[in-house]
1. Multiply the residue separation of Glu21 and Asn120 by 0.36 nm, subtract the distance between their alpha-carbon atoms, and state the gained length in nm to one decimal.
2. What number, in percent, do you get for the relative contact order of segment 78-125 if the mean sequence gap of Cα pairs under 8 Å and at least 6 apart is divided by its residue count?
3. Where does segment 36-132 land on Rg/Rh, using Cα atoms and the Kirkwood Rh?
4. Using the per-residue mean of other Cβ atoms lying within 10 Å as a proxy for protection, in what order, highest first, do the peptides 85-95, 129-139 fall?
5. List the residues whose amide H sits under 5 Å from the amide H of Asn144, counting only those 5 or more places along or on another chain, with H placed 1.01 Å from N in the peptide plane.
6. Amide H to amide H under 5 Å from Met138: which residues, 5+ apart in sequence or cross-chain, H placed 1.01 Å off N in plane?
7. Quick query: amide H of Ala74 versus all other amide H atoms, modeled in the peptide plane; which residues come in under 5 Å with a sequence gap of 5 or more or a different chain?
8. With each pseudo-label sitting 7 Å past Cα toward Cβ, what's the Ser42-Ser198 distance in nm, one decimal?
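Only the coordinates and a few stated rules stand behind these numbers; no lab work does. Please read these numbers as outputs of a predicted model, since none were measured by experiment. A quick note on method: Cβ atoms are made from the backbone with ideal geometry, for glycine too, and the neighbour counts reach across all protein chains shown.
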Amino acid sequence: MLVPGRGRARQDEEGGFTLIEIMVVTLVMGVVLAIAGSALLSLQKATVRNGAMVTDEQDASTTLAQMARNIRSAHSIQFFSSTTNAADTVILNVNQPSGTGTSPVEWVYQPPTAPAVVGNLSRVVLNSGLTPVATRVMLKDVANGSTPVFSYYDVAGDVMATTGSAANQTLTNCTTAVDVNLFISPSPVPGVSNFTESDEVAITDQQQILSAPGNGQCGT
């Protein structure tokens, strides 16, 4: 015997979700997906940022290490006669591995030209006549601007002037150590902080020559 209304109630119970229930579930799923997507995007950006930072720091560290090796193994330094700011460029007469002769290598910083805010640091291989043979840009995000890349010290440890009519000759004759400071601004990736790489390296041969007893030069 059928009870009036029971059949319809059973049909309603077995009929699935109502429109309101579907809308609520869809809304909840949308919120969950939005939160998950935002977290994934943030994680991806952080990964890219950290990767860029590690790469920039490794490039700067590798460049500074190579420059330090050139300075340390140099027999002497010199400058082009037209150089007016030795704070941005130096030529290192690097001893050959064979022990015979030297090979000139120039390190030069090219400051940025507006609207750019970063410049380049390059390593230039020269021939005996100081003509460039090969040039390689080592760093593209150097933000030294007017801040010196290179500082020079004499045998007494005093800082030497890098400008003036007699600066180049005095630096060539008297430098025993070179201080390198690189300010790196990794502009391509937002959120990567600026950092500094620096080192002070003795020119071993020059230091030995100038510290020899009785040389009487460069204030010794």
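1. That pair, Glu21 and Asn120, stretches by 29.4 nm at full extension.
2. RCO, segment 78-125: 27 percent.
3. 1.19
4. Working: 85-95: 21.5, 129-139: 11.5.
Highest to lowest by the protection proxy: 85-95, 129-139.
5. Result for Asn144 returns Gly119, Phe183.
6. Leu121, Ser122, Arg123
7. Sorted by chain and number, the residues that satisfy this are Asn95, Thr204.
8. Once both label points are built, they end up 3.6 nm from each other.
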